[in-house]
Amino acid sequence: MSGLISRVKTYWEAGPCGTEDPRLQGLEVNSREWFEKIEDIRYFQEPMIFSAAQFTRHRGKKVLEIGVGAGSDHLQWARAGADLHGVDLTEAAVQTTTKRLAYYDLQSKLQTVNAETIPFPDKHFDVVYSWGVIHHSENPATIVKEISRILKPGGTAITMFYSKHSVRTWKYWVRHALLKGKFHWGIKDVMWNHMESEGTQCYTVNELKKIFGDFSEVEVRKYMTPYDLTWIPSFLRNLLPDSFGFFSVIHAKR
Ligand SMILES: C[S@@+](CC[C@H](N)C(=O)[O-])C[C@H]1O[C@@H](n2cnc3c(N)ncnc32)[C@H](O)[C@@H]1O
């Protein structure tokens, strides 16, 4: 494993996404109550996941989730009755998600894998889902090529990437470039150095369409998120369009 991806792994091994929230304080780690609080917080913050993923439309389908993290969405896929597989770069995510599914007697085949090489044959899955993951990898375009390879003809990739142009990334630029006198830094530099693990990338809609160039139908939809709206005065919030949102959700057909 190269230097950058091993640092990405070390970052996420310290705690899967969503497990660090201060609202979890007082709850026993890995208890059912702890997991259910994580679930409440996640879908309060990111309710668009339900319309983007449409978990229940894929009952009985062969689904792979890349980057399961703490397993919130993986649980929804399992509840919806998918024939479910999951991978993550970290042991922490795989172990946490395994414990979480066990509370509900639900199953998935989980593996610790760098998704730049996905250990499944060509044309294997109906759906590949990945929320907020691929932009953390060293070679995001390689993961998208792998997704294209393992999807069946007519299969769907549902992914979320961070947008380059959004209220959140502009706020980050002000904080980490403008106010620090790093005037030569662009938004991509700020995201690389300050957004979660080192090396995080962000994309314009056109860049995303290019990365998904192998797919037959590609739809990119941006969503305004609570992360965009913090520090924004309430009278302005309803005026901000989704095109200034931090999440870019891509539905792409093989
Ligand atoms: C921001 S978290 C998102 C987790 C989950 N999808 C969610 O939305 O809560 C990013 C996850 O991607 C995983 N990840 C990063 N790079 C990866 C790679 N190359 N292959 C597989 N998983 C990766 C990390 O280990 C981490 O669990």
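Counting Lys and Arg as +1 and Asp and Glu as -1, each charge on the Cβ, what is the dipole of the chain about the Cα centre in debye, to the nearest 20? In total the dipole reaches around 600 debye.
Once Rg and the Kirkwood radius are both taken over the C-alpha atoms of the chain, their ratio Rg/Rh works out to 0.95.
When shorter helices are ignored and each DSSP H run of at least 4 residues is given -39500 (n - 2.57), the per-residue value for the chain at 222 nm works out to -10000 deg cm²/dmol. Measuring against 18 Å, Cα to Cα, the residue pairs Lys61/Lys123; Lys61/Lys210; Lys62/Lys210 contain Lys61/Lys210; Lys62/Lys210 as the ones spanning a longer distance. Along the chain, counting only chymotrypsin sites (Phe, Trp or Tyr not before Pro) with a DSSP assignment other than H, G, I, E or B and at most 12 other Cβ atoms inside a 10 Å radius, the longest segment between sites is 1-103.
Give the shape of the stretch 180-254 as rounded, prolate or oblate, defined through the alpha-carbon gyration tensor: a ≥ b ≥ c are the square roots of its eigenvalues, a/c under 1.5 means rounded, and otherwise the shape is prolate if a/b is larger than b/c and oblate if not. Judged from the Cα gyration tensor, the stretch 180-254 comes out oblate (a/c at least 1.5, b/c at or above a/b).
Given R0 = 30 Å, the distance between the Cβ atoms of Leu236 and Leu4 translates into a calculated FRET efficiency of 0.20.
Computed about the Cα centre, the dipole magnitude for the stretch 1-147 is approximately 340 debye when only Lys and Arg (+1) and Asp and Glu (-1) carry charge, each at its Cβ. Once each of the GluC sites (Glu not before Pro) sitting in a DSSP loop with at most 14 other beta-carbon atoms within 10 Å is removed, the chain keeps 29-254 as its longest stretch. Between Trp170 and Lys109, the contour length at 0.36 nm per residue exceeds the alpha carbon distance by 18.0 nm.
For a paramagnetic label modelled on Ser243 (point 7 Å from Cα along Cα→Cβ), amide N atoms under 16 Å away belong, within the stretch 195-212, to 204-207.
Evaluated with a Cβ-only charge set (Lys, Arg +1; Asp, Glu -1), the stretch 161-243 carries a dipole of roughly 400 debye about its Cα centre, given to the nearest 20. Computed over the stretch 108-224, the convex hull of the alpha-carbon atoms projects to a mean area of 8.1 nm². Once you sort the root eigenvalues of the Cα gyration tensor of the stretch 50-93 as a ≥ b ≥ c, which label holds: rounded (a/c under 1.5), prolate (a/b larger than b/c) or oblate (the other case)? It is prolate, given that a/c is not under 1.5 and a/b is the larger ratio.
Using a Förster distance of 25 angstrom, determine the FRET efficiency expected from the C-beta separation of Arg59 and Ala102, and round it to 0.05. Mind showing how you got there, number by number?
Details: r = 21 Å, r/R0 = 0.85.
My answer for the efficiency is 0.75.
Cα centroid separation, the stretch 193-218 to the stretch 31-54: 24 Å. Under 17 Å of direct C-alpha separation, and excluding same-chain neighbours fewer than eight residues apart, Lys182 reaches these lysines: Lys171. Computed from Cα atoms alone, the Kirkwood hydrodynamic radius reported for the stretch 213-254 is 11.7 Å. Sort the stretch 72-128 into rounded, prolate or oblate with this rule: let a ≥ b ≥ c be the square roots of the eigenvalues of the Cα gyration tensor; rounded if a/c is under 1.5, and if a/c is not under 1.5, prolate when a/b is larger than b/c, oblate otherwise. Judged from the Cα gyration tensor, the stretch 72-128 comes out oblate (a/c at least 1.5, b/c at or above a/b).
Could you tell me which of the pairs Lys37/Lys209; Lys37/Lys180; Lys152/Lys209 are separated by over 30 angstrom between their Cα atoms in the structure shown?
Lys37/Lys209; Lys37/Lys180
Taking every DSSP bridge with both residues inside the chain, close to 40 percent are antiparallel. Each listed q (0.17 Å⁻¹) maps to a log10 I(q)/I(0) for the stretch 1-145 from the Debye sum over equal C-alpha point scatterers, namely -0.97.
We did not get these values from a lab; they are worked out from the coordinates using the rules stated. As the structure is a computational prediction, the values presented were derived from the model and not from experiment. Methodologically, a virtual Cβ is constructed for each residue, glycine included, from the backbone with ideal geometry; neighbour enumeration extends over all protein chains shown.
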